[in-house]
Amino acid sequence: MFGVSPAFVLSGYGHGFSLENYCEALPRIRRLGFDAFLRAWGDAGRQLPAKPPRFSHAAESELPGGVTLLASYHPSQRNTQTGLLTPAMFSGIFRRASRLIDRERRRH
């Protein structure tokens, strides 16, 4: 699944890999992945927004360079059994990422 693990963000970190060359929308699942992405983004010398993005399900944050950071709760047993995250909510994140990517591709 695209962008689920914080390792996805960190895998190219420090190796000349430029995330924005490959992704226009980055779904980040769990607060851990969200925070790890923002740390890696800043550590790589990229500008962070003046107001730090807040984590919540379906939160969208526009980052400098035209990258949209999407947040999602983790599909853990606790989150799914309590209804904090439903299958529709989880798939909605990936539908939104797909729409953002399609919109960006139409621009170019």
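Every number here is computed from the coordinates shown, using simple stated rules; none is lab data. These numbers come from a predicted model, not from an experiment. No Cβ is skipped: glycine too gets one built from the backbone with ideal geometry, and neighbour counts run over all protein chains shown.
At an R0 of 22 angstrom, the distance between the Cβ atoms of Phe94 and Ala50 translates into a FRET efficiency of 0.15. Approximating the spin labels as points 7 Å out from Cα along Cα→Cβ, the Leu84-to-Arg107 distance works out to 3.4 nm. Couplings for segment 80-88, taken from phi via the Karplus curve 6.51 cos²θ - 1.76 cosθ + 1.60 with θ = phi - 60°, read 7, 6, 8, x, 4, 9, 9, x, 5 Hz in order; Gly and Pro are left as x.
Going by neighbour counts of Cβ atoms within 10 Å, the residues Thr68, Thr80 line up, fewest first, as Thr80, Thr68. Neighbour counting of Cβ atoms within 10 Å sorts the residues Arg105, Arg39, Arg30, fewest neighbours leading, into Arg105, Arg39, Arg30.
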